[in-house]
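The values are calculated or read from the model by the stated rules, or taken from the named source; none is laboratory data. All values reported here derive from a predicted model rather than from experimental measurement. Here the Cβ positions follow ideal geometry from the backbone for every residue, glycine too, while neighbour counts run over all protein chains shown. Each accessible area value is taken on the protein alone, full model and side chains, heavy atoms only, with ligands, DNA and RNA left out. Shrake-Rupley method; radii C 1.70, N 1.55, O 1.52, S 1.80 Å.
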Amino acid sequence: MASEKVTACCQALITNNLTISFAESASAGKMCYEFSTVFNSGRILIGGMVCYHSSMKEDLLHIPWGTIEKYSAESAEVTQLMAQNFYRYINSDICVGLTGLTTPGGSETEEKPVGTIFIHIIFSDKEIARRFEFDGNQESIINQAIDAVAELILEEI
C-alpha cells in the first residue's frame, strides 16, 4: 500500500490531469510500483524503466559513454541524463529520474555515503534536481526517497 505522501501526490496528479513516468536505478522499480497501488493510478501512470546496471543506463537511456566513468552511476549528472533521455521517448507530463546508494559499495565515499539519493524531475516548464542523504536500511532509504519525490511533485503542481 502506498504511503500517504504518494497517495496525496497521485490524487493531485489525477486532479490536475497529469501523467508521470519513472527512470529508476536505486529504487529498482519500487517507485513505479508504489504509484501503481493508488486508486485510479491508470489515469496518471505511464510506466517506468529500471536501469540498475550501468550498461542499461548507457544502452537504453543513451547516457554518453564515459559519463558514468567520470561522474559515477550514482550522481546528479547521470540522474539528470536518465530523466531527460527517458522524457524524450515517453509521452508523460512529468518524468522522474532516481539514482543513489542504498547499500555499501558502488561509488560510496565520505562525501557520498550510503543513503545518498539523487532525484531529477522534469515538468513541462521546468526541471528540479535534489540530493538527499537518508538514514536507515536499504528499504527505509528507498521509501524515504519515494516520499521525497512525492513531496517535490506536490510542491510544484
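Return yes when Ile46 is open to solvent by 50 Å² or more (accessible area, probe 1.4 Å), touching a strand residue (DSSP E or B) at 6+ places or on another chain (Cβ under 7 Å) and either more than 26 Å from Tyr71 (Cβ to Cβ) or of a type outside the set (Lys, Arg) (or both) and no when it is not.
Answer is yes for this residue.
Is there any pair linking a residue in the range 113-136 that is touching a residue at least 12 places away in the same chain (Cβ under 8 Å) to one that is open to solvent by 50 Å² or more (accessible area, probe 1.4 Å) and polar (S, T, N, Q), with Cβ under 8 Å and at least six apart or on different chains, and which?
Val114/Thr103; Ile117/Gln144; His120/Gln80; Glu127/Gln80; Ala129/Gln80; Phe132/Gln144; Phe134/Gln144; Gly136/Gln144
Out of all the residues in the range 90-118, which are closer than 18 Å to Ser140 by Cβ and buried (at least 23 other Cβ atoms within 10 Å of the Cβ)?
Passing the criteria: Leu98, Thr99, Gly100, Leu101, Thr102, Thr116, Ile117, Phe118.
Which members of the range 119-139 meet the condition of being part of a loop (DSSP other than H, G, I, E, B), surrounded by 13 or more Cβ atoms within 10 Å (Cβ to Cβ) and at negative phi?
Passing the criteria: Phe123, Phe134.
If a residue has to be of a type in the set (A, V, I, L, M, F, W, C) and buried (at least 23 other Cβ atoms within 10 Å of the Cβ) to count, how many in the range 68-80 make the cut?
Result for the range 68-80: 2.
Name the residue that is surrounded by the fewest Cβ atoms within 10 Å (Cβ to Cβ), counting only residues in the range 140-157 that are touching a helix residue (DSSP H, G or I) at 6+ places or on another chain (Cβ under 9 Å) and over 16 Å from Thr7 (Cβ atoms).
Looking at the filtered set, the residue picked out is Ile142.
Quick one: in the range 1-39, which of the residues that are among the small types (Gly, Ala, Ser) and within 20 Å of Ala76 (Cα to Cα) is most open to solvent (accessible area, probe 1.4 Å)?
Ranking the candidates gives Ala28 first.
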